[in-house]
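This report concerns only the one structure given below.
The values are calculated or read from the model by the stated rules, or taken from the named source; none is laboratory data. Note that this is a predicted model, so its numbers are computed, not measured. A quick note on method: Cβ atoms are made from the backbone with ideal geometry, for glycine too, and the neighbour counts reach across all protein chains shown. These area figures cover heavy atoms from the full protein model, side chains too; ligands, DNA and RNA do not enter into them. Shrake-Rupley method; radii C 1.70, N 1.55, O 1.52, S 1.80 Å.
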Amino acid sequence: MVVQILHHCNNEIIEWKWSSDSKLLPAPFWTSCYLIDGLLIDSGPPAGENELKKFLSSLDEEQKVKKCIITHSHEDHCGGAAMLQSEFNVPIYASKKAIPLLKNEKDYPDYRRITWGYPYHPFEGKPIGKSISTHSNKYNFDVVEIPGHAIEEIALIEKKQQWAIVADGIMPKYTMIFGKNTDIPENISQIYNSLKKLDLITTSMEKLKIFTSGRGIFNTQKIFEEKMIEIEKLHKNAFKFYKEAKDKGYSGKRLLRYITRKMFGKESFIGQLTRGGISNQNLILSLLEWPLE
């Protein structure tokens, strides 16, 4: 595995970034935790538990983690939370929708076990309110529900500092999603609406910094609108090529392959690796389930 420690905003934010170095993966997949004045946002994957423990143990007293928020229940975000409770006695907070998911055992496919490790250790979380302050009350984050990638996902926004911690609420490019046949189905229309919500909340923040999970930092509020436009184009094209396919008499798998070829060239390698779990075709199906106005 590979660990990076990055410092942002004059060292006010520490990013703990983790990736598996498995040769079985086509590229490294990163996930991030953010530490801000004693508040840890997310806890990494099960396979990163020991590295996270080492990192937290190395911190000065004033940097120690006093509480943790889990943005959503996917294993790459909550895999170290049970360790935080048992080893550091850290209270863990999450949305009401996430809490029952976090306290249950998880069984997930082999490709995610290779990427994030296994097993996941369940734990009892505490419901988070509409806002949460850091340890010394230096910063206060509004809690914003952003379903789509996960029905229970939340973002954290510090309005005075113009910081937005969005975890997996935004992706560099929308080409594939998890499908309904997985335990973490994604919904592209909900993703779009969550981006729209974040855009409205942050519209006056000219110096906004948007922190994602493992995918870097965006330094402009305009990224939300750009992502919305990207999804709108995908939405229109899905219906355009759907009509073309129907006009040619295609149906079923042949129809879906036609749309995939027109929009993305062919199914992605990830789609093949995950046996369709996360794929271009899942994105197309979700786009077609979203009525075109």
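Modelled spin-label separation between D21 and K248, with each label point placed 7 Å from Cα along the Cα-to-Cβ direction: 4.6 nm.
In the complete set of protein chains, residue-level accessible area for K248 is approximately 120 Å², probe 1.4 angstrom. Taken over the alpha carbons of the range 142-243 as equal point scatterers, the Debye sum produces base-10 log I(q)/I(0) values at 0.10 Å⁻¹ of -0.27.
Distance between the 7 Å Cα→Cβ label points at I5 and E225: 4.0 nm. Among residues other than W290 whose Cβ falls under 15 Å from its Cβ, what is the net charge (Lys/Arg +1, Asp/Glu -1)? Overall, the nearby charge balance is 0. With 10 Å bins beginning at zero, the pair-distance distribution over Cα atoms of the chain amounts to 6, 28, 34, 22, 8, 2, 0 %.
Structure note, pairs K180/K266; K17/K67; K96/K130; K130/K227: Cα-Cα distances above 23 angstrom occur for K130/K227. Considering all different alpha carbon pairs of the range 1-158, the Kirkwood hydrodynamic radius works out to 15.7 Å.
Per residue, the convex hull spanned by the Cα atoms of the range 222-285 amounts to 83 cubic angstrom.
In debye, nearest 20, what is the charge dipole magnitude of the range 91-215 about its Cα centre with +1 on Lys and Arg Cβ and -1 on Asp and Glu Cβ, if you could check? Kindly include the intermediate steps, with their values, before the conclusion.
On the way: 18 positive and 14 negative charges, 72 e Å.
In debye, rounded to 20, the range 91-215 gives about 340.
For a label point 7 angstrom out from the Cα of H121 toward its Cβ, which stretches of the range 87-104 have the backbone nitrogen within less than 18 Å? The answer is 87-93, 102-104.
Sorting K66, K126 by accessible area puts them as K126, K66; the probe is 1.4 Å, largest comes first, and only protein heavy atoms count.
Could you state, as a whole-number percent, how many of the C-alpha pairs of the range 127-175 are farther apart than 12 Å? Result for the distance tail: 64 percent.
Take the Cα atoms of the range 68-204, build their convex hull, and give its volume per residue in Å³.
Details: hull volume 16.4 nm³, N = 137.
Convex hull of Cα atoms, per residue: 119 Å³.
The residues of the chain present an accessible area of 48 Å² per residue when probed at 1.4 Å with all protein chains retained.
Computed per residue of the chain from DSSP H runs no shorter than four, each worth -39500 (n - 2.57), the mean residue ellipticity at 222 nm is -9500 deg cm²/dmol. Which one, D76, D110, D247, has the greatest fluctuation when you compute a Gaussian network model over the chain with C-alpha springs under 10 angstrom? It is D247.
Modelled label positions at K54 and E87, each set 7 Å beyond Cα in the direction of Cβ, lie 1.1 nm from each other.
Largest accessible area first, the residues Y111, Y118 order themselves as Y118, Y111 under a 1.4 Å probe with ligands, DNA and RNA left out. Note on the chain: antiparallel DSSP beta bridges, both residues inside, total approximately 75 percent of the bridges counted.
With an a/c value of 1.5 or above and a/b larger than b/c for the gyration tensor axes a ≥ b ≥ c computed over the alpha-carbon atoms, the range 178-293 is described as prolate.
Evaluate the Kirkwood expression for the hydrodynamic radius of the range 173-225, namely the inverse of the mean inverse distance over all pairs of different C-alpha atoms, and round to one decimal in Å.
On the way: mean 1/r = 0.0791 Å⁻¹.
Over the range 173-225, the inverse of the mean reciprocal pair distance is 12.6 Å.
Which value, in debye to the nearest 20, gives the size of the charge dipole of the range 52-153 about its Cα centre, when Lys and Arg are +1 and Asp and Glu are -1 at the Cβ?
In total the dipole reaches around 200 debye.
How large, in percent, is the carbon and sulfur part of the accessible surface of the chain at a probe radius of 1.4 Å? In the chain, the share of accessible area belonging to carbon and sulfur is 49 percent.
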